[in-house]
């Protein structure tokens, strides 16, 4: 089964499960909570959960509680991130706080976070041993803590002009890689508690997530807004220290560096100024460098699966790596 069909099938299964489990009153709260989920999305994290479980010999249905839980955590972080970044568009639709206000959006995110753990424990009813479900709760809770650390670093870096590449990689691992890492481990826990297997799965998810975020940074500078469903240059407007910005700041001459820094983080910057900043960054070869980094981390993820069972699910997880580093949205 080709990757696109697999992604679509898993998304449909996970969405059905989510909509059956996340409902209640008041209606506005649940509408706000499910808004971004209804808007679409690639469902890559639940895809990793389900496909890892399949690779290890388990049916996809058995993995649905874990898969749904990571998607709920992911959407919780998106709602809160959009408030922090004051973004008004996500997945081609207005953000939750834009439609329902910040107070309801914060509450909607909180609801999704709570529901994630409620849904995760459904796995006992699906036949996952209770001790492995307890371990899964710990994995997801720790990952969510790490995501918060990554978000904090992302925010703190906006006030610094000397962020190193190592600091950037740590930040993107925490902000993005940690939940992909948890997704791969959760998929493993559907089938096994073998630490050596779970360790290799963690390595796959961690490196996949870093590659994904590096590609995200690239698209934030050179992507097509209509395809992305959100504005380009928002990272520049917010002053984010992406891999592209860090690389450029290390290589631009003093005058050009000052010009870039005078535009970064200015929310009132004109489109022409943001385009100038983007040109300065691209002139250093930052995009090509970032593409090499993304491919490098994808290759690390590929190596982590070398000893896993050779089946269609494993091949789909390897194909996902190519998709992540080549995607346009």
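The values are calculated or read from the model by the stated rules, or taken from the named source; none is laboratory data. As the structure is a prediction and not an experimental result, all values here were calculated from the model. All Cβ positions, glycine included, derive from the backbone under ideal geometry; neighbour counts span all protein chains shown.
Table for the structure above
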item: Candidate set from the range 32-60 (those that are assigned to a helix (DSSP H, G or I) and without any contact (Cβ under 8 Å) to a residue 24 or more places away in the chain); member that is farthest from residue 96 (Cα to Cα); result: 38
item: Flag for residue 304 being more than 29 Å from residue 54 (Cα to Cα), surrounded by 15 or more Cβ atoms within 10 Å (Cβ to Cβ) and touching a helix residue (DSSP H, G or I) at 6+ places or on another chain (Cβ under 7 Å); result: no
item: Scope the range 119-136; condition in a helix (DSSP H, G or I) and either exposed (fewer than 15 other Cβ atoms within 10 Å of the Cβ) or touching a strand residue (DSSP E or B) at 6+ places or on another chain (Cβ under 9 Å) (or both); matching residues; result: 124, 130, 131, 134
item: Residue 33 being surrounded by 20 or more Cβ atoms within 10 Å (Cβ to Cβ) and within 25 Å of residue 195 (Cα to Cα); result: no
item: Any hit, the range 90-112, residues being touching a residue at least 24 places away in the same chain (Cβ under 8 Å), closer than 27 Å to residue 197 by Cα and not in a loop (DSSP other than H, G, I, E, B); result: no
item: Those helices (runs of 4 or more DSSP H) lying entirely in the range 259-329 with at least 1 residues more than 30 Å from residue 47 (Cα to Cα) and modelled with pLDDT of 95 or more; result: 271-283, 286-304
item: Per-region count, the range 212-245, residues assigned to a helix (DSSP H, G or I) and either in contact (Cβ under 8 Å) with a residue 60 or more places away in the chain or closer than 27 Å to residue 185 by Cβ (or both); result: 15
item: Options 252, 261, 219; residue that is surrounded by 15 or more Cβ atoms within 10 Å (Cβ to Cβ) and within 26 Å of residue 326 (Cβ to Cβ); result: 219
item: Test: residue in the range 265-288 that is surrounded by 15 or more Cβ atoms within 10 Å (Cβ to Cβ), in contact with a helix residue (DSSP H, G or I) (Cβ under 8 Å, 6 or more places away or on another chain) and within 28 Å of residue 181 (Cβ to Cβ); result: yes
item: Boolean, residue 209 is in a helix (DSSP H, G or I), closer than 18 Å to residue 329 by Cα and touching a helix residue (DSSP H, G or I) at 6+ places or on another chain (Cβ under 7 Å); result: yes
